[in-house]
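Below you'll find the structure, written out as structure tokens, and then a few comments.
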Amino acid sequence: MDELNQISNTLALSMGAAWASGINLYATLMMLGILSVTGNMTLPPELQILANPLVIGAATLMFIVEFVADKMPGVDTGWDSIHTFIRIPAGAMLAAGAVGDVNQAMTISAAIVGGGLAASTHAFKSGSRVMINTSPEPFSNWLVSVAEDITVFGGIWLAVQNPVLFLVLLLFFIVLMVWLLPKLWKFIKIVFTTLGRLFKPSESPSAQQDKKIEPPAQQ
């Protein structure tokens, strides 16, 4: 029983950190560090650096920056684009660090799965924001951003306090995400196609007139 608990704890922390990193990396790092220094969890040796006050301070600072940027329509999409190259590798590293160096194959496997999960949640978040940003009012963007932050904090807390329940909910989330991602991708293509048509330079009236009076080609 103890061994099963250890496996579920490790799996929940590994996949939970990767899942949350794709949504908000800095909130994830901050939450893990604070839970550790307050005695609510014991970080694996490879992740104990997250409990360092400097790391917690840096993560908190960047969380505040992201908190502001994430509430600004358009800016949030640019922020997400930049963090494609940050959240996914970080999610893979956190997943591998949570597993530890039990054996190399398990560590690499955790990194692969964790990176894929972080990429999926990142794509789901950024795709949802593109859809929400088509709304003319900013309030929906603010509400979704706050909900994402609360979800990250609550998800990490649940992964630490009730790993089995978290893993069950994570499975449902993955199934939902797999179902919704193709629909989001289709909507994103429609949005960018429409934007491309709006910003496509139109021909001047003189050019259109020249086309009308151009004589037909001789046979």
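The table for this structure:
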quantity	calculated
Criterion (of a type in the set (Asp, Glu), at pLDDT below 95, within 26 Å of HIS122 (Cβ to Cβ) and not in a loop (DSSP other than H, G, I, E, B)) met by exactly one of GLU3, GLU46	GLU46
Cross-chain or 6+ apart pairs with Cβ under 8 Å, segment 102-117 first and surrounded by 13 or more Cβ atoms within 10 Å (Cβ to Cβ), then outside any helix (DSSP H, G or I)	THR107/GLY100; THR107/ASP101
Per-region count, segment 139-166, residues surrounded by fewer than 17 Cβ atoms within 10 Å (Cβ to Cβ), in contact with a helix residue (DSSP H, G or I) (Cβ under 7 Å, 6 or more places away or on another chain) and over 25 Å from THR77 (Cα atoms)	2
Every residue from segment 91-106 that is within 18 Å of SER21 (Cα to Cα) and not small (Gly, Ala, Ser)	MET93, LEU94, VAL99
Check on LEU43, on the phi < 0 side of the Ramachandran plot and surrounded by 16 or more Cβ atoms within 10 Å (Cβ to Cβ)	yes
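The values are calculated or read from the model by the stated rules, or taken from the named source; none is laboratory data. Since the model is a prediction, treat every value here as computed from it, not as a measurement. Backbone-built Cβ (ideal geometry, glycine too); neighbour counts: all protein chains shown.
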